[in-house]
Amino acid sequence: MQVTVTTPVHPTEVPERVVAAATRFWPDGAVEQADDRVTVRVAGTDALDLLRHRVWELRIIDAFRGGLRADDRVLRFRLSKQAALAGKAAAPPTPHVLGDLAVAVALEDGDPWPDAEHLRWWLCPETAEGEIVGPTEPPGAVPDQS
């Protein structure tokens with residue numbers, strides 16, 4: 001999978017803090033910085049692991065899933081820059097005036113998910129009464145036996 005995070009940098013923002021927010025869940029991403037925009041790119045099937053862990057840890061799976069948009073082989077969502085900078089995962093219901101982190105996750109041939117909808121449910125599985133009840137492994141994956 002290929003993850004691309006883009007966000008505007010406004011004159012009132014500190015560019016280093018915007019980069020820190022954009023790389024919070026993708027610390028190994030390649031950063032491209034322009035005067036008015038930051039882009040972070042990272043590839044690999046583990047590219048969403050930090051974000052997934054944080055969403056589960058914060059117990060916001062259902063709320064976060066509501067902000068995920070699956071379109072064939074691309075999953076899109078927005079993250080709050082301020083929340084990401086603080087280590088939180090928040091998918092705001094409306095865009096922030098200074099802009100959010102726009103995340104696009106493009107699936108590639110060979111990824112374990114057949115489409116973005118399956119990736120969506122892997123990232124934020126089904127829950128009941130606050131507990132995960134849906135599958136937590138990609139389709140066809142062998143569950144961890146450790």
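Taking into account only those residues within the range 68-83 that are in contact with an Asp or Glu (Cβ under 8 Å, 6 or more places away or on another chain) and more than 20 Å from Ala116 (Cα to Cα), which is surrounded by the fewest Cβ atoms within 10 Å (Cβ to Cβ)?
Across the range 68-83, the extreme among qualifying residues is Ser80.
What do you reckon, is Arg65 crowded, with 17+ Cβ neighbours inside 10 Å, under 18 Å from Ala116 (Cβ atoms) and at pLDDT 95 or above?
Spelling it out, it is not the case that Arg65 is crowded, with 17+ Cβ neighbours inside 10 Å, under 18 Å from Ala116 (Cβ atoms) and at pLDDT 95 or above.
Determine whether Arg52 is of a type in the set (Lys, Arg), outside any strand (DSSP E or B) and surrounded by fewer than 15 Cβ atoms within 10 Å (Cβ to Cβ).
Considered against the rule, which asks whether it is of a type in the set (Lys, Arg), outside any strand (DSSP E or B) and surrounded by fewer than 15 Cβ atoms within 10 Å (Cβ to Cβ), Arg52 comes out as no.
Taking Ala34 as the residue in question, decide whether it is out of contact with any helix residue (DSSP H, G or I) (no Cβ under 6 Å at 6 or more places or on another chain), modelled with pLDDT of 95 or more, hydrophobic (A, V, I, L, M, F, W, C) and surrounded by fewer than 15 Cβ atoms within 10 Å (Cβ to Cβ).
Considered against the rule, which asks whether it is out of contact with any helix residue (DSSP H, G or I) (no Cβ under 6 Å at 6 or more places or on another chain), modelled with pLDDT of 95 or more, hydrophobic (A, V, I, L, M, F, W, C) and surrounded by fewer than 15 Cβ atoms within 10 Å (Cβ to Cβ), Ala34 comes out as no.
Somewhere in the range 32-45, is a residue in a loop (DSSP other than H, G, I, E, B), within 14 Å of Val103 (Cβ to Cβ), in contact with a strand residue (DSSP E or B) (Cβ under 8 Å, 6 or more places away or on another chain) and aliphatic (A, V, I, L, M)?
Within the range 32-45 (the criterion being in a loop (DSSP other than H, G, I, E, B), within 14 Å of Val103 (Cβ to Cβ), in contact with a strand residue (DSSP E or B) (Cβ under 8 Å, 6 or more places away or on another chain) and aliphatic (A, V, I, L, M)), the answer is no, since none of the residues qualifies.
Quick one: would you say Val74 is of a type in the set (A, V, I, L, M) and farther than 30 Å from Glu129 by Cα?
no
Please list, ordered by first then second residue, the pairs with beta carbon atoms under 7 Å, 6 or more apart or interchain, first in the range 5-21 and under 13 Å from Arg78 (Cα atoms), second assigned to a helix (DSSP H, G or I) and not aliphatic (A, V, I, L, M).
Taking only residues 6 or more apart or on different chains, the pairs are Thr7/Lys81; Ala21/Lys81.
What tally of residues in the range 105-146 results from selecting those that are modelled with pLDDT of 85 or more, among the small types (Gly, Ala, Ser) and either assigned to a loop (DSSP other than H, G, I, E, B) or surrounded by 14 or more Cβ atoms within 10 Å (Cβ to Cβ) (or both)?
Residues meeting the conditions: 3.
Working carefully through the options Ala91, Ala102, find the one that is of a type outside the set (Asp, Glu), part of a loop (DSSP other than H, G, I, E, B) and within 12 Å of the chain's Cα centre (by Cα).
Ala91
The values are calculated or read from the model by the stated rules, or taken from the named source; none is laboratory data. All values derive from a computational prediction rather than experimental measurement. Because the Cβ atoms are built from the backbone with ideal geometry, glycine has one as well, and the counts that use them run over all protein chains shown.
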